[in-house]
1. For residues in segment 15-25 being away from the ligand (no atom under 16 Å from the Cβ), touching a residue at least 24 places away in the same chain (Cβ under 8 Å) and not in a loop (DSSP other than H, G, I, E, B), which is nearest to residue 90 (Cα to Cα)?
2. Name the single residue, out of those in segment 32-74 being farther than 21 Å from residue 185 by Cβ and part of a loop (DSSP other than H, G, I, E, B), that is nearest to the ligand (Cβ to nearest atom).
3. Residues of segment 112-153 being within 16 Å of the ligand (Cβ to nearest atom) and touching a residue at least 60 places away in the same chain (Cβ under 8 Å), which ones?
4. For residues that are farther than 17 Å from residue 23 by Cα and either under 14 Å from the mean Cα position of the chain (by Cα) or without any contact (Cβ under 8 Å) to a residue 60 or more places away in the chain (or both), scanning just segment 169-192, find the one that is surrounded by the fewest Cβ atoms within 10 Å (Cβ to Cβ).
5. Tell me, please, whether a residue that is part of a strand (DSSP E or B) and either more than 21 Å from residue 51 (Cα to Cα) or more than 13 Å from the ligand (Cβ to nearest atom) (or both) can be found in segment 99-108.
6. Here are the criteria: (1) within 21 Å of residue 175 (Cβ to Cβ); (2) more than 16 Å from the ligand (Cβ to nearest atom); (3) surrounded by fewer than 21 Cβ atoms within 10 Å (Cβ to Cβ). Tell me which single one residue 3 does not satisfy.
7. Which of the residues spanning segment 75-89 are in contact with a strand residue (DSSP E or B) (Cβ under 9 Å, 6 or more places away or on another chain) and either within 13 Å of the ligand (Cβ to nearest atom) or in contact (Cβ under 8 Å) with a residue 60 or more places away in the chain (or both)?
8. Being under 27 Å from residue 171 (Cβ atoms), under 16 Å from the mean Cα position of the chain (by Cα) and modelled with pLDDT under 95 narrows it down to one residue among 153, 126, 82; which is it?
Ligand code: GLN
């Protein structure tokens, strides 16, 4: 499959690498017109305020709000997908969850751990960097993983949101899950 990575800011190369290792074709998306040619889109981690500004500037905000293409957001990408962000406005409104930015920030700026993720057989290597967490989810959102009582991975139909950074490890399972479960299911169920 052809999977785009939003190429405005953040961990772009790392995600491309993951797409390719998962056996699919990764494409850097820098213009809205390129959205036509892809089966799914990754919104990378980085800095969500910067990404939000660039998305407004290059027309991605409007295009992606209207689009139903499957999307997978990590960290800052999850913040962009959420319908609610603590103390600020939401952006793409695709995942019906409330996120809080930098919520793992203070005590431990970054940490790594092996996590159980629903739908994936083996544990996933998860790296958290000033990560957001999901405070609560609304109807229709499936919780895929938690760290203690904090929700860190969710899915709602063709949208996947993850607090951490699989792309900084050589664990390709979440990318494979996004492409081969979520994108594939979307194509068989929704596209005639
Ligand atoms: N703290 C960042 C933000 O709020 C996200 C961190 C990340 O993507 N690693 O945008």
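The values are calculated or read from the model by the stated rules, or taken from the named source; none is laboratory data. Because the structure is a prediction, the values reported are computed rather than measured. Reconstructed Cβ throughout: ideal geometry from the backbone, glycine too, with neighbour counts over all protein chains shown.
1. Among them, the one singled out is 19.
2. Looking at the filtered set, the residue picked out is 45.
3. 129
4. That would be 192.
5. Within segment 99-108, none of the residues are part of a strand (DSSP E or B) and either more than 21 Å from residue 51 (Cα to Cα) or more than 13 Å from the ligand (Cβ to nearest atom) (or both).
6. Here residue 3 meets the rest and fails (3).
7. We begin by selecting, within segment 75-89, every residue in contact with a strand residue (DSSP E or B) (Cβ under 9 Å, 6 or more places away or on another chain); these are 75-87.
Hits for segment 75-89 are 75, 76, 77, 78, 79, 80, 81, 82, 85, 86, 87.
8. Details: 153 fails: modelled with pLDDT under 95; 82 fails: modelled with pLDDT under 95.
Exactly one residue qualifies, and that residue is 126.
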